[in-house]
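Here is the structure we will look at.
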Amino acid sequence: MKIIITDSYKEMSERAGNVVASQIILKPDSILGLATGSTPLEMYRYLIELYKKGVIDFQNITTFNLDEYHRISPSSPQSYAYYMMENFFNHINIPKENINIPNGDAIDVDEECREYAKKLESLGPIDLQVLGIGPNGHIGFNESSDHFPVGTHLAKLTGDTLEANSRFFDSIDDMPRTAITIGIRDIMLSKKILLLANGIGKADIIAKALKGKVTPRVPASILQLHHDVIVILDKEAASKL
Ligand code: PGA
């Protein structure tokens, strides 16, 4: 595991964007695993800038998003589909058919999980998986529990996640209680993993995930066992390492 500590969120984002950009340049038909949330926002903005400068081309890139809220329409501003379009996909030349995001609005959610898993298995493994980390150590919506969830599934969101993500909703009561997420096995099968965290609010969980015991109570701790992980932190998130 390579840990890079940067001076600022901007520097973390640009370093992360450069890892993604070099992946795209070296393998223009890469499969990228993508994350949402506040953490990668500036990285996406930087990648759009590199695209506009002609440094990178998304024509042959395929993406799989980690997760999506259940019972939220892709057109809802709170959906991760909407986030991805607004913050990234609408500004680059990726063909729409190369974008994969679980459909949170699917009538048969079990079938949606099966289909997403099948597509990921047939096109994967992911070449580069970008991850944020939740305050409870979740990656994707693989929440803290007594086992590591294996494949794509409907996850029940825990109290910490509901509290942390309710900032994007009118109130915590408006938040979905479940989400579709790829599993820990899917993440661990990725050839390379890029974990990002910024801000003092992530300092405790980063220390636990990177230096603590490997346990499903801290799902990100399993990344200690992956053969090719780059962690890029700002100095606040790294302050308890
Ligand atoms: P954040 O979320 O980037 O908004 O902090 C990270 C996560 O929950 O995985």
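The values are calculated or read from the model by the stated rules, or taken from the named source; none is laboratory data. Keep in mind the model is a prediction, meaning the values are calculated, not measured. Positions of Cβ are generated from backbone atoms using ideal geometry, with glycine treated the same way; all protein chains shown enter the neighbour counts. Please note that ligands, DNA and RNA were not included when accessible areas were found on the heavy atoms of the full protein model with its side chains. Shrake-Rupley method; radii C 1.70, N 1.55, O 1.52, S 1.80 Å.
Annotations
- Of the residues in region 27-36, at least one is open to solvent by 10 Å² or more (accessible area, probe 1.4 Å), at pLDDT 95 or above and closer than 19 Å to Leu233 by Cα.
- Pairs with Cβ under 7 Å, 6+ apart, first in region 127-155 and over 11 Å from Gly183 (Cβ atoms), second assigned to a strand (DSSP E or B) and away from the ligand (no atom under 16 Å from the Cβ): Asp127/Ile31; Asp127/Leu32; Asp127/Lys192; Leu128/Leu32; Leu128/Lys192
- Each residue in region 176-200 was checked for being among the small types (Gly, Ala, Ser) and assigned to a loop (DSSP other than H, G, I, E, B), and 3 pass.
- Answer residue from region 138-147, given it is in a loop (DSSP other than H, G, I, E, B) and among the polar types (S, T, N, Q) and is nearest to the ligand (Cβ to nearest atom) among those: Ser144
- Subset of region 60-89 that is assigned to a strand (DSSP E or B) and free of Cβ contacts under 8 Å to residues at least 60 places away in the same chain - its residue that is surrounded by the most Cβ atoms within 10 Å (Cβ to Cβ): Asn65
To keep it simple, each residue is scored yes or no on (1) within 19 Å of Leu32 (Cβ to Cβ); (2) over 14 Å from the mean Cα position of the chain (by Cα); (3) modelled with pLDDT of 95 or more.
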| residue | (1), (2), (3) |
| --- | --- |
| Gly199 | no, yes, yes |
| Ile206 | no, yes, yes |
| Lys213 | no, yes, yes |
| Pro219 | no, no, yes |
| Leu223 | yes, no, yes |
| Ala238 | no, yes, yes |
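- Residue-level check: of (1) among the β-branched types (Val, Ile, Thr); (2) under 19 Å from the mean Cα position of the chain (by Cα); (3) buried (at least 20 other Cβ atoms within 10 Å of the Cβ), Ile56 misses just (2).
- Check on Ile24, touching an Asp or Glu at 6+ places or on another chain (Cβ under 6 Å) and crowded, with 16+ Cβ neighbours inside 10 Å: no
- Checking each residue in region 1-21 for being open to solvent by 60 Å² or more (accessible area, probe 1.4 Å) and not hydrophobic (A, V, I, L, M, F, W, C) picks out Lys2, Asp7, Tyr9, Lys10, Glu11, Arg15, Asn18.
- Subset of region 148-175 [outside any helix (DSSP H, G or I), of a type outside the set (Val, Ile, Thr) and either open to solvent by 30 Å² or more (accessible area, probe 1.4 Å) or within 14 Å of the ligand (Cβ to nearest atom) (or both)]: Phe148, His153, Leu154, Ala155, Lys156, Leu157, Phe169, Asp170, Ser171, Met175
- Qualifying residues in region 31-59 (those that are assigned to a strand (DSSP E or B) and of a type in the set (A, V, I, L, M, F, W, C)) - the one nearest to the ligand (Cβ to nearest atom): Leu34
- Residues located in region 177-214, provided they are within 14 Å of the ligand (Cβ to nearest atom), more than 18 Å from Phe141 (Cβ to Cβ) and buried (at least 21 other Cβ atoms within 10 Å of the Cβ): Leu194, Asn198, Ile206
- Boolean, Arg114 is more than 13 Å from Leu34 (Cβ to Cβ) and at pLDDT below 95: no
- Scanning region 105-136 for residues that are within 16 Å of the ligand (Cβ to nearest atom) and touching a strand residue (DSSP E or B) at 6+ places or on another chain (Cβ under 7 Å) turns up Gln129, Val130, Leu131, Gly132, Ile133.
- From the list Ile25, Ile5, the lone residue that is of a type in the set (A, V, I, L, M) and outside any strand (DSSP E or B) is Ile25.
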